[in-house]
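**Q** Handing you this structure, nothing more for now.
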Amino acid sequence: MNKSFRTALALAALAALPVLAVPLAKVALATDKQPVAQTAQAPQSSTARDVAASGRPAFTGADGLTVQEAAPIPKDVTDDRRKQRNYPEQPPVIPHSVAGYQLDLNANKCLTCHSREMTGDSQAPMVSVTHFQDRDGQVLGAVSARRYFCLQCHVPQSDVQPRVPNLFQDVDSVIRGAHPPAAKGGK
Ligand code: HEC
Ligand code: HEC
């Protein structure tokens, strides 16, 4: 009786071991592994930063490939001529320089010319009435928050060849193509 009770106790203790051991091992592994992972990552990311910041024209990579520096970004077109839109709802592209214009939570340089109250002095086109509507169509007194970051939708252009051929046709040429002489003859 006594003997079998002791064996049962011992077995119970053995069975409980993994339950105790797992959390203990987890703690031990966690404290062991974290610093190792950190030291393994740190040099990698700083090397990537160094290469990007070095500005070298070309360099030979680890596997012997020569990496070319990308061509410089072409200058923006800043001829102040408003461009035709490809469809009525297109956000018009920006025909002037926006270099260094502050556009963040503290200041919006664009609105110093394009807001309703400034257009008299600036002669810039006013932001359109849609820019005063919130997402429910409710018209607000000031430019809506969803139209605050102008460069989300309006972008400058540069004089470059498109990477892929552009087959876009605007709606007027599609309509003209659909009924050419018939429409004219009917008139
Ligand atoms: C110093 C005043 C001024 C500032 C600042 C300014 N603009 Fe303009 N913007 C103009 C004027 C004036 C025009 C009319 C065309 C021209 O003269 O370049 C114009 C034209 C535009 C157009 C073309 C509108 C159309 O109907 O084709 C867009 C889009 C535009 N600006 C966006 C912006 C954005 C976005 C910013 C801020 C990053 C900005 N502008 C800052 C004065 C300004
Ligand atoms: C979410 C996209 C979006 C944002 C953000 C936005 N616009 Fe527009 N904008 C448009 C679209 C689309 C149009 C053309 C259709 C319309 O009027 O709504 C337009 C039209 C304009 C026009 C031409 C108005 C006219 O009547 O010819 C001006 C100027 C303009 N936006 C300036 C701005 C400025 C300045 C800001 C930042 C304060 C801004 N937009 C933010 C999408 C946007």
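Where a number appears in this text, it was derived from the coordinates with a stated rule and is not lab data. In this text the structure is predicted, and so the values were computed from the model without any measurement. Positions of Cβ are generated from backbone atoms using ideal geometry, with glycine treated the same way; all protein chains shown enter the neighbour counts.
**Q** What ranking do LYS109, LYS75 get, fewest neighbouring Cβ atoms within 10 angstrom at the top?
**A** Values: LYS109 14, LYS75 11.
In increasing order of surrounding Cβ atoms, one gets LYS75, LYS109.
**Q** Ok, one more. Based on the mean of other Cβ atoms within 10 Å per residue, sort peptides 97-108, 139-150 so the most packed one is first.
**A** For the peptides 97-108, 139-150, the packing ranking is 139-150, 97-108.
**Q** Separate question: Taking only the alpha-carbon atoms of segment 74-161, what semi-axes of the equivalent ellipsoid follow from 5 times the gyration tensor eigenvalues under a square root, in whole Å, largest first?
**A** Taking √(5λ) for each Cα gyration eigenvalue gives 23, 16, 13 Å.
**Q** By how many nm would the segment from GLN84 to ALA142 grow when fully extended, if each residue of separation counts as 0.36 nm and the alpha-carbon distance is taken off?
**A** Taking GLN84 through ALA142 to full extension adds about 18.2 nm, to one decimal.
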